Amino acid sequence: MAQVAIRGVAKRFGATTVIHGVDIDIADGEFAVLVGPSGCGKTTLLRMIAGLEEITEGEILIGDKVVNRMPPKERDIAMVFQNYALYPHMTVRDNMSFSLRLANAGKAAIDTQVARAADILGLGKLLDRYPRQLSGGQRQRVAMGRAIVRNPQVFLFDEPLSNLDAKLRVQMRTEIRELHQRLKTTSVYVTHDQIEAMTMADKIVVMKDGVVEQTGGPLDLYDNPANTFVAGFIGSPAMNLLPGRMQRSGDEMHVVFANGDRLPARAGTVLPEGRAVLYGIRPEHFAVGTGGLPVEVIVVEPTGADTQLYCRFMEQEVTATIRDRTNVRPGDRITLVPDPARIHLFDAENGKRAAA
């Protein structure tokens with residue numbers, strides 16, 4: 001196992017820069033997830049770690065070695081792709097052992113490694129089948145088994161669950177997390193799905209347009225987003241962000257909205273009166289009551305465990321997650337009361353979170 005250090009890494013394709021001086025530290029044994037919208041540069045960064053893309057500027061270290069000019073086969077990494085990349089004419093056993101045979105490993109060592117990986121992944125009864133005889137989830141397990149037998153320093157996952165149906169994705173992300181807990185191998189995982197990031201990661205790296213917006217643990221990013229992009233990207237449904245201005249009322253600060261309604265700011269907020277802000281509150285931090293935000297209910301979605309209310313405040317959609325059953329119906333006018341300890345304020349000009 002080894003740590004991965006990314007130091008001032010940039011990537012240009014001609015005159016177009018797609019990665020802008022990224023710095024990331026991934027500790028030995030850590031499961032790090034690179035997450036962001038399509039085109040943010042996360043897969044390009046993963047491919048640079050793997051050696052499949054050249055680095056324009058900066059350094060990548062695996063362990064204590066700078067690997068910029070090292071070919072992929074010498075980096076001691078194993079990569080799991082979203083399309084499985086299995087050889088259709090080979091059995092599961094042969095697919096899993098292929099890299100070891102290329103390395104001229106002995107038959108006994110190969111059999112031991114394949115048996116170990118098959119036992120970990122529940123593939124023992126499938127070793128003599130061909131990829132066409134397997135389900136999508138079984139193929140992904142074979143792809144992971146092929147990586148495990150190499151016993152690499154670092155696992156790299158490139159959106160490995162994107163081709164699976166929703167139920168199987170949930171199952172497979174649990175299996176990958178359990179696999180990491182057993183092997184303790186440093187892992188870098190790329191996804192555009194923030195639910196995968198939240199449920200699997202020790203560390204999340206949120207990217208946008210080739211820049212790292214924030215790095216931290218899942219709950220840290222959820223509770224303390226650095227800016228409006230992270231606030232809106234992490235969490236489902238997304239955080240509500242309502243434009244308003246700071247206003248002093250006696251000893252307290254409030255956010256006043258365009259229609260004159262106002263809500264108290266979080267205690268200790270350091271923004272001057274009149275500053276344009278975005279008032280952030282997550283859907284689950286609303287309750288139905290009095291003395292809050294007057295809204296019109298547009299859509300009600302009961303899920304059993306809770307109820308999603310999609311509402312309108314002025315011309316903006318506001319989402320609330322109500323934990324108890326509710327008799328609210330579309331067209332009702334209700335008041336959503338935010339938890340004052342869970343409010344986030346962002347500077348409207350630069351999107352950065354205000355200190356509190």
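The values are calculated or read from the model by the stated rules, or taken from the named source; none is laboratory data. Computed from a predicted model, the values in this text were never measured in an experiment. All Cβ positions, even for glycine, are placed from backbone atoms using ideal geometry, and neighbour counts span all protein chains on display. The protein model used for the area step is the full one, side chains on, heavy atoms only, and it has no ligands, DNA or RNA in it. Shrake-Rupley method; radii C 1.70, N 1.55, O 1.52, S 1.80 Å.
Could you tell me whether E59 is part of a strand (DSSP E or B) and either of a type outside the set (D, E, K, R) or out of contact with any Ser or Thr (no Cβ under 9 Å at 6 or more places or on another chain) (or both)?
It is true that E59 is part of a strand (DSSP E or B) and either of a type outside the set (D, E, K, R) or out of contact with any Ser or Thr (no Cβ under 9 Å at 6 or more places or on another chain) (or both).
Within the group T91, T56, T16, which residue is in contact with a strand residue (DSSP E or B) (Cβ under 8 Å, 6 or more places away or on another chain) and among the hydroxyl-bearing types (S, T, Y)?
T56
Could you grab me the full set of residues in the stretch 233-257 that are under 23 Å from V211 (Cβ atoms) and open to solvent by less than 30 Å² (accessible area, probe 1.4 Å)?
Those that are under 23 Å from V211 (Cβ atoms) and open to solvent by less than 30 Å² (accessible area, probe 1.4 Å): I234, G235, M239.
Give G14, G41, G36, G29 a once-over and let me know the one that is open to solvent by 30 Å² or more (accessible area, probe 1.4 Å) and either more than 21 Å from P152 (Cα to Cα) or at pLDDT 95 or above (or both).
Residue meeting the stated conditions: G14.
Would you say M70 is surrounded by fewer than 20 Cβ atoms within 10 Å (Cβ to Cβ) and either outside any strand (DSSP E or B) or among the basic types (K, R) (or both)?
Yes; evaluated as a whole, the condition is true for this residue.
Check R101, R129, R93 and return the single one that is out of contact with any Phe, Trp or Tyr (no Cβ under 9 Å at 6 or more places or on another chain), assigned to a loop (DSSP other than H, G, I, E, B), open to solvent by 70 Å² or more (accessible area, probe 1.4 Å) and more than 21 Å from K184 (Cβ to Cβ).
Every option except R129 fails the conditions.
G260 fails exactly one of the following numbered conditions: (1) loosely packed, with under 15 Cβ neighbours inside 10 Å; (2) touching a Lys or Arg at 6+ places or on another chain (Cβ under 9 Å). What is the number of that condition?
For G260, the exception is condition (2).
Of the residues that sit in the stretch 191-212 and are within 18 Å of H344 (Cβ to Cβ) and crowded, with 20+ Cβ neighbours inside 10 Å, which one is modelled with the lowest pLDDT?
Among those residues, the one meeting the criterion is Q194.
For the stretch 247-276, which positions are in a strand (DSSP E or B) and either in contact with a Cys (Cβ under 7 Å, 6 or more places away or on another chain) or without any contact (Cβ under 8 Å) to a residue 60 or more places away in the chain (or both)?
Residues satisfying the conditions are Q247, R248, S249, E252, M253, H254, V256, R262.
Starting from residues that are among the charged types (D, E, K, R) and assigned to a loop (DSSP other than H, G, I, E, B), keep the ones in the stretch 277-335 and report whichever is most open to solvent (accessible area, probe 1.4 Å).
R325
What is the number of the single condition among (1) under 30 Å from T186 (Cβ atoms); (2) crowded, with 18+ Cβ neighbours inside 10 Å; (3) of a type in the set (A, V, I, L, M) that L219 does not meet?
Only one criterion in (1) under 30 Å from T186 (Cβ atoms); (2) crowded, with 18+ Cβ neighbours inside 10 Å; (3) of a type in the set (A, V, I, L, M) is unmet by L219, namely (2).
Are any residues in the stretch 336-346 assigned to a strand (DSSP E or B) and open to solvent by 20 Å² or more (accessible area, probe 1.4 Å), and if so, which ones?
If the condition is that a residue be assigned to a strand (DSSP E or B) and open to solvent by 20 Å² or more (accessible area, probe 1.4 Å), then V337 is the only one that fits.
Give the stretch 196-245 a look and list any residue that's without any contact (Cβ under 8 Å) to a residue 40 or more places away in the chain and either farther than 20 Å from L278 by Cα or out of contact with any helix residue (DSSP H, G or I) (no Cβ under 9 Å at 6 or more places or on another chain) (or both), or say none.
If the condition is that a residue be without any contact (Cβ under 8 Å) to a residue 40 or more places away in the chain and either farther than 20 Å from L278 by Cα or out of contact with any helix residue (DSSP H, G or I) (no Cβ under 9 Å at 6 or more places or on another chain) (or both), then M198, T199, G216, G217, P218, L219, D220, G232, G244, R245 are the ones that fit.
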